[in-house]
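Comments concern the structure below.
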Amino acid sequence: METNAKISAKLVDATKGQPNTTRRPSTPAPPRPMNNRQTRLLNPASSAPSASCKMHGLIVGTVLLTALCLGRAQTFAADIQVIDENHRPAMKGKELDWIYGDYWLQNDQISLIIANPVSGRDANLTIRKVGAAILDLSLQDPSNDQLSAYLPTAGRYLFQDPKLIRSGKRGDAVFWECRSSRTLIPSETTALVRYELRDGDAFVTAHVIIEGKAAGMIPAYDGVRADNTFKFNSTGNTAHCADAFFRQAIGFAVPASETAPTWKSGRPYQLKYAGSQIKSNDERVHWSVQLHPATNLLDLQAASQGKATMQTFSATPIDRKTEGFAAVNRATFAIKPAGDDSPAMEILSDDSGTAHSRLQPGTYDVTATVLGRGSSKRRITVGSTAQNIKFELPKVGGFVAHVTDQDGTLIPVKATVYRQDGDNPDFGPNSTRTFVENCVYAVSGKMIAGLEPGNYQVFFSRGPEYNMAIKEFTVTAHELREFKITLPRVIDSKGWVSSEMHSHSSPSGDNTSDQYGRVENLLCENLEFAPCTEHARISSYEPHLTAMGRQNLMATCTGMEVTGQPLPVNHQNAFPLHHHPHTQNGGGPHVHSNPVVQIERLAMWDEGSDKLVQMNHPNLHQVYGDLDLDGKPDAGFRKMLNWADVIEVHPLQTIFEDVVSNPKKLRVNQTKIFQWMQLLNQGYRIPGVVNTDAHYNHHGSGWLRNWFPSTTDDPASIDTAEMVNVAEAGHIIMSTGPYLSVKATSKAQDKIALPGDDINAKKGEVTLHISVQCPNWLDINRVQVLINGRMSPELNWTRAKHADMFGGSDDVVKFTANSPVTLKEDAHLIVATIGEGLTMEKVMGPRYGKIPPVAVSNPIFVDLDGNGFQANKDELGLPLPH
């Protein structure tokens, strides 16, 4: 038996002259005969009864145990090695989670990653303590990992001692095994997990052995995390999970069993084994399962027959080139045996129109269909060799758009497409990129969108500093409507930049959104500064900006959200943080069950480097003095406030609500802005911010933002350190879209005060200079000044009563005022504006678009007597827990 240390020694295999790992023998399982049921699989080339098998009657499983390695030219033997900087997997896919120290098993067919069994090894936020789990699994070609994790014993045993690893090779098989270091169930048992991979096999076998007193009482099941667009089912003797859109299916078959393991819904899904599928006695239970990665369910089925070869299907447009355009060619290929009247099985392509599936030799009828292009049919013959089968589709029907600003420069743009005589188009799920549900994100400013014939209305937008444009048109088959769109930047925000400081994508682990799509979303909404803040992992947007060639349009930096319990108080963002790629948490800290300890640790991370620490969506009453939310005052988590630089306070519109008459909302954390103003009155000068906390890409980013002052208006020149400093100072305007400008002047000082500043007003007289600007798709009808968190009746202007102060529907400037304010005591002044009864729905979608246009300034602190601002301790009509 070889240990982890010996494996990493990388001994030289003399027969190859290449680095290899030390391995120990493993005896492969012998092939098993197929029963009659197992032979009833698709074979279109044969005149035998199996030729009539319906492809929709998917039967896969036991045959997979022996057949997937047949008929293939082996290019290299099964191998195992420790991942380090010189040995990195070449795997692809949205869900890759490997880090240095994990174990990489591969042969010529598949590649997989086993998590290093050490304490603290987490895959992501929601998949933790993953030692000995399979984190990544894919065919070699095409490589496309979408699996979150296969969890032997479903987390009931922990594998956290690398000294308990054994691995090796004998003959044509490699193995890796580890014994558990701890059990999380009340049992005097241990678990052993063992993986075996043979040369030429397109599957890996997992063995789980439970040993100890009363081992026979331990239920036999594993766990599988495959999220969001995955569907769980079973057919024949194979359980499977499949994500049709992101093009991966995984089969789970028990050796020598004619029945499939069963699924039990949960997180993770339980993969349960029947009594006939396990070997057990009072002190030992053993079950085995083989994991078969495939591109789709058809691929999984066809590969079970043996002699199946990987075929490539390409839907090729015959019209204009799409290079430089936001354009997808997502194809559906319907495949069935030639002349068969049964329903075809469908597989989906990638964005370029390419799909892959193994097929047995035979003749097939294949129909390729692309939205807006129609269909193309072919009869194909599949032999023993791989081939690229191309389908030429008709010209696309839909629209092409070039979108520029007022200077004629192409700009990133979002197009939201509504059908007026039917259902809106569904380009892809909310977790994909570029074409997302009924949205198109075109970072180049150019797009081609295929549509079914019909009547459409398209909203072209670029965030709230730009006007939007609407195009209404009719699509006819195979004809493109061409539009040249101008979106002028009408908001004068000189000296200020927009920011989003809290958003997520698939690396966060609680969603499956393409991170590239998150960056598209941010760019097209004109967010000019956006740190990367994934859950539990320092990550970076830089590779995506580089791939897009748009580094000049959005500044970013590496950061993270440390996401602990209890919710909602123990979530904090920080940036910038030093990124250590391919290490646990990207080099970031772990969570801690005590929010005070966690936020302090985060603040002091990277040797106490300067960073912005943000409290995310906190219940500030819980923080201030009701730790267990029982309504009885206690110490709370008040020390957290010593480490917080900014606090999220959305939803903004609640600043206009009568919270005192509905105090229940305080307990359910829906009035953070009210709680924040209560804390301001207690002397906690922690600035407020708003962020989307976006997890999915359909209108995910853009409907909330902050504006910060900046010494540059060029996103490429934005300095992260400056952004940190201005945020800490409270120089912040928070908004769903309206651009609010607030300044204060006083005869007692020459300096103009911005939000966050102090201003001296010895006679209690200050002047507020307020303006509100909106593009043509937003409006406001009320402006309100709050003095120490209370709405001033005298400083409340509405369009209905003060029409002369408000701009018209065609005006960019919606409101201006230079308003004197007379105070009797020190006070903080907040300005808020809202479009009461208005929404942003068509531009921001059906969920976030229902929110009204609203903007709120951070407070300006007015000092009357020159001895520094003194908070008035007003609890605003509802007691804080003391």
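Bear in mind that the values in this text are calculations on the coordinates, not laboratory data. Everything numeric in this text was worked out from a predicted model, so none of it was measured. Please note: Cβ atoms are built from the backbone with ideal geometry, for glycine as well, and neighbour counts cover all protein chains shown.
Give me the net charge for the shell around F459: Cβ to Cβ below 9 angstrom, other residues only, Lys and Arg +1, Asp and Glu -1.
Local charge sum for F459: +3.
What number comes out for the charge environment of D514, summing +1 per Lys or Arg and -1 per Asp or Glu over other residues with Cβ under 11 Å away?
So the environment of D514 carries a net charge of 0.
Label points 7 Å out from Cα along the Cβ direction at A748 and D407: separation in nm?
Using points 7 Å along Cα→Cβ, the separation is 4.4 nm.
With each run of n ≥ 4 DSSP H residues scored as -39500 (n - 2.57), what mean residue ellipticity at 222 nm is computed for the chain after dividing by its residue count and rounding to the nearest 500 deg cm²/dmol?
-2500 deg cm²/dmol
What is the sum of charges, Lys and Arg at +1 and Asp and Glu at -1, for the other residues whose Cβ falls under 12 Å from the Cβ of R705?
Its environment carries a net charge of -4.
Among the trypsin sites (Lys or Arg not before Pro) within region 431-495, which fall in a DSSP loop and have no more than 15 other Cβ atoms within 10 Å of their own Cβ?
Answer by residue number: K494.
If you average 1/r over every pair of different alpha-carbon atoms in region 398-486 and take one over that average, what Kirkwood value in Å do you get?
About 13.2 Å for region 398-486.
With contacts defined as alpha carbon pairs under 8 Å and 6 or more residues apart, what's the relative contact order of the chain in percent?
Relative contact order, the chain: 8 percent.
Students often get this wrong, so check it: of K814/K842; K494/K873; K632/K873; K494/K824; K92/K321; K94/K390, which have C-alpha atoms separated by over 29 Å?
Beyond 29 Å between Cα atoms: K494/K873; K494/K824.
Once you put a point 7 Å from the Cα of H87 and another 7 Å from the Cα of R267, both along the Cβ direction, what distance in nm separates them?
Taking the simple label geometry, H87 and R267 are separated by 3.6 nm.
For the ranges 198-207, 398-407, 527-536, 800-809, what's the packing order if you count other beta-carbon atoms within 10 Å of each residue, average per peptide, and put the highest first?
Highest-to-lowest ranking by the protection proxy: 527-536, 198-207, 398-407, 800-809.
Taking just the alpha-carbon atoms of region 234-304, what radius of gyration and Dmax come out, in angstrom?
In order Rg, Dmax, the Cα atoms of region 234-304 give 13.3, 45 Å.
Per-residue counts of other Cβ atoms within 10 Å, averaged by peptide: what ranking do you get for 553-560, 357-364, 246-253, 865-872, highest first?
246-253, 553-560, 357-364, 865-872
Would you work out which of P186, M447, Q653 lies farthest towards the positive end of the dipole of the chain, given +1 charges on the beta-carbon of Lys and Arg and -1 on that of Asp and Glu, about the Cα centre?
Farthest towards the positive pole: P186.
Which is farthest toward the positive dipole end of the chain among A303, M640, C557, measuring Cα position about the Cα centre, with Cβ charges +1 (Lys, Arg) and -1 (Asp, Glu)?
In the chain, that residue is A303.
For region 398-486, with only Lys/Arg (+1) and Asp/Glu (-1) charged at the beta-carbon, what is the dipole magnitude about the Cα centre, in debye rounded to 20?
I would put it at about 200 debye.
Between D351 and D492, what length comes free when the chain is fully extended (0.36 nm per residue of separation minus the Cα-Cα distance, one decimal in nm)?
Computed gain between D351 and D492 is 47.0 nm.
How much length would be gained if the chain were fully extended between D426 and N552, taking 0.36 nm per residue of separation minus their Cα-Cα distance, in nm to one decimal?
42.2 nm
Using the Kirkwood formula on the Cα atoms of the chain, what hydrodynamic radius do you get, in angstrom to one decimal?
29.9
Of V623, A226, P715, which is farthest along the charge dipole of the chain in the positive direction, counting Lys and Arg as +1 and Asp and Glu as -1 at C-beta?
With unit charges placed on the Cβ atoms, the residue in question is A226.
With each pseudo-label sitting 7 Å past Cα toward Cβ, what's the A244-E482 distance in nm, one decimal?
Result: 3.6 nm between the two label points.
If the only charges are +1 at each Lys and Arg Cβ and -1 at each Asp and Glu Cβ, what is the size of the charge dipole of region 793-834 around the Cα centre, to the nearest 20 debye?
In debye, rounded to 20, region 793-834 gives about 100.
May I ask you to compute the full-extension gain from E607 to A256, defined as 0.36 nm times their residue separation minus their alpha-carbon distance, rounded to one decimal in nm?
120.7 nm
Listing S609, S746 from the residue with the fewest other Cβ atoms within 10 Å to the one with the most, what is the order?
Ascending number of Cβ neighbours within 10 Å: S609, S746.
To the nearest 20 debye, what is the magnitude of the charge dipole of the chain about its Cα centre, counting +1 on the Cβ of each Lys and Arg and -1 on the Cβ of each Asp and Glu?
2520
Could the peptides 384-392, 690-698 be put in order, highest first, of the mean number of other beta-carbon atoms found within 10 Å of their residues?
My ranking of the peptides, most packed first, is 690-698, 384-392.
Name the residues of region 843-882 whose amide N is less than 14 Å from a point 7 angstrom out from the Cα of E657 along the C-beta direction?
So the set is 851-852.
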